[in-house]
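Here's the structure we're looking at; comments come further down.
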Amino acid sequence: MPGDTGADIIDGKAFAGALRARVADGVSRLRADHGLTPGLAVVLVGEDPASQVYVRNKGRQTREAGMASFEHRLAADTPETEVLALVRRLNADPAVNGILVQLPLPDQIRAPAVIDTIDPAKDADGFHVTNAGLLAIGQPAMVPCTPLGCLMLLKDRLGSLSGARALVLGRSNIVGKPMAQLLLAESATVTIAHSRTRDLADECRRADILVAAVGRARMVEGSWVKPGATVIDVGINRVDGADGKSRLVGDVDFDAAARVAGAITPVPGGVGPMTIACLLLNTLVATCRQHGLDPKEYAPV
Ligand code: NDP
C-alpha cells in the first residue's frame, strides 16, 4: 500500500487477517482429515489490564480460527507452585496442543521457572530454552510469535532476504535475539544493536532492513534510516498526545522515517496484529507435529 509520505506502508492488519484465514482453513482440513481440533491454553495470573485485553483477544481469535480455547485465570497472589502444577496438567492434557503463560507475571512467580516447565512441543510462544536452541541450530522449532510475524512481513515485501544487511535494534529473548536468528537463517547479514552499541545511528544507516524492538517512543530518527530501507517497528509505547489523550507510537519516528524508507510498518496496525496470528499458526503447527503430520500440509509455513 503506497503511503502519502513516500514509503509504502506495510499493512500488518490486513496481512494478519489473511494469515488467520489460512490458519482457519488448515484447522478445518485437519479436522476433516484426522478429526483433530487444535487447542490453545492461555494462563493469566493477576489483573494487569493490558494482559487482560491480550488474553481476551487471543481467546476470541483462537475460537474464530476454529480452535479450542482454554482460559485459566488465576488470582494475583497465586503461589508459583500452583502455576507450575497447572502447567504440568496442561502438558498432560491431550486436548491442549499449545500453552501460553501471559507475561509479565506477579513478583512471587519466576517466569523462567514457568517457561521451563512448559512442554517444548506445546510451547506456543517459543520461549522455552529447547526451542531457542533449536532455532539457533536451524532445526524445526516453535518460533516466538512477534519475530515470526516480522519475518513474514519482510519476506512478503522483499522476497529473498539473502545478503541483505539487517540491523536488529534490541536483544531481548522474546524479540531481538530470535529475530536475529530468523534473519540469519534467511542468509541476511545480521547486526544486533543494544543499549551499549556505539554509533547507533551509523549502524542503523547501513541497514537495508531495520527492525526496532527497544521500547522507547520514536527513538529511531528519520536521519538514521537508509534511503529505501525496509523498517519494521516492533515497539508499542503509550504517549500523551497534544490533545491530552494517550496514544500508541512505535520505536521509530514514523513520519520522519516514512519520508526516507522504502517501506515501513505503522504502529498500531503493523507488527502487533501479526503476533496473535502467529500464535494461532504456532498452535496449528504444534498440533500437526504432535500427531506426526507434516505442518506444511495444513499450515502456511
Ligand atoms: P526489552 O525491554 O526486553 O528489550 C529492549 C532492548 O532494547 C534491550 O536489548 C535494550 O538493550 C535495548 N535498548 C533499550 N534502550 C536502548 C537505547 N537507548 N539504545 C539502544 N538499545 C536500547 O523489550 P522487548 O524486546 O520485550 O520489547 C521491545 C518493544 O517491543 C517494546 O516496546 C514492547 O512493547 C514491544 N513488543 C511488541 C510486541 C508486539 O506484539 N508488537 C511483542 C513484544 C514486544 P540492553 O539489552 O543493552 O538493555
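Would you mind telling me which numbered condition in (1) outside any strand (DSSP E or B); (2) over 21 Å from Arg289 (Cα atoms) His72 fails?
Status for His72: all satisfied but (1).
I'd like to check which helices (runs of 4 or more DSSP H) are fully inside segment 94-190 and have at least 2 residues that are touching a residue at least 40 places away in the same chain (Cβ under 8 Å) and farther than 24 Å from Ser51 by Cα.
The qualifying helices (runs of 4 or more DSSP H) are 129-136, 145-158, 176-185.
Give segment 251-276 a look and list any residue that's part of a strand (DSSP E or B) and away from the ligand (no atom under 14 Å from the Cβ), or say none.
Those that are part of a strand (DSSP E or B) and away from the ligand (no atom under 14 Å from the Cβ): Ala263, Ile264.
Just need a number here: residues in segment 158-207 that are over 21 Å from the mean Cα position of the chain (by Cα) and within 24 Å of Gly138 (Cα to Cα).
Residues that pass the stated criteria total 6.
Which pairs do you get when a residue that is more than 15 Å from Pro112 (Cα to Cα), found in segment 63-89, comes within reach of a residue that is open to solvent by 30 Å² or more (accessible area, probe 1.4 Å) and at pLDDT below 95, reach meaning Cβ atoms under 8 angstrom, with the pair 6+ apart or on two chains?
So the pair list comes out as Ala76/Glu47.
Report, by residue number, each residue of segment 133-154 that is under 15 Å from Asn173 (Cα atoms), within 14 Å of the ligand (Cβ to nearest atom) and open to solvent by 10 Å² or more (accessible area, probe 1.4 Å).
Answer for segment 133-154, where residues must be under 15 Å from Asn173 (Cα atoms), within 14 Å of the ligand (Cβ to nearest atom) and open to solvent by 10 Å² or more (accessible area, probe 1.4 Å): Val143, Thr146, Leu148.
So which of Arg206, Arg196 ends up being open to solvent by 20 Å² or more (accessible area, probe 1.4 Å), within 9 Å of the ligand (Cβ to nearest atom) and either free of Cβ contacts under 8 Å to residues at least 24 places away in the same chain or in contact with a Leu (Cβ under 8 Å, 6 or more places away or on another chain) (or both)?
Arg196
May I ask you to list pairs of residues, at least six apart or on different chains, whose Cβ atoms are under 7 Å apart, with the first in segment 222-241 being on the phi > 0 side of the Ramachandran plot and the second being away from the ligand (no atom under 14 Å from the Cβ) and not in a strand (DSSP E or B)?
Gly228/Gly262
When both residues are 6+ apart or on different chains and their Cβ atoms are under 7 Å apart, which pairs have a first residue that lies in segment 251-273 and is acidic (Asp, Glu) and open to solvent by 20 Å² or more (accessible area, probe 1.4 Å), and a second that is part of a loop (DSSP other than H, G, I, E, B) and away from the ligand (no atom under 16 Å from the Cβ)?
Pairs found: Asp255/Thr5.
Using the structure shown, decide if Gly126 is closer than 16 Å to Ala185 by Cα and small (Gly, Ala, Ser).
no
Suppose we keep only residues that are within 19 Å of Ala50 (Cα to Cα) and part of a loop (DSSP other than H, G, I, E, B) within segment 239-250. Which one would you say is least open to solvent (accessible area, probe 1.4 Å)?
Within segment 239-250, the match that is least open to solvent (accessible area, probe 1.4 Å) is Gly250.
Before we move on, is Asp77 more than 30 Å from Ala263 (Cβ to Cβ), not in a loop (DSSP other than H, G, I, E, B) and not small (Gly, Ala, Ser)?
Judged against the criteria, Asp77 is not a match.
Identify all residues within segment 211-238 that are of a type outside the set (A, V, I, L, M), in a loop (DSSP other than H, G, I, E, B) and more than 23 Å from Lys13 (Cα to Cα); write none if there are none.
Glu221, Lys226, Pro227
Are any residues in segment 274-293 of a type outside the set (A, V, I, L, M, F, W, C) and in contact (Cβ under 8 Å) with a residue 60 or more places away in the chain, and if so, which ones?
Once the filter is applied, which keeps residues that are of a type outside the set (A, V, I, L, M, F, W, C) and in contact (Cβ under 8 Å) with a residue 60 or more places away in the chain, segment 274-293 yields Thr275, Asn282, Thr283, Thr287, Arg289, Gln290, His291.
The values are calculated or read from the model by the stated rules, or taken from the named source; none is laboratory data. Quantities reported herein were computed from a predicted structural model and do not represent experimental measurements. Counting neighbours? That spans all protein chains shown, and the Cβs are built from the backbone with ideal geometry, glycine included. Ligands, DNA and RNA are stripped out before the accessible areas are found, and what is left, the full protein with its side chains, is counted by its heavy atoms. Shrake-Rupley method; radii C 1.70, N 1.55, O 1.52, S 1.80 Å.
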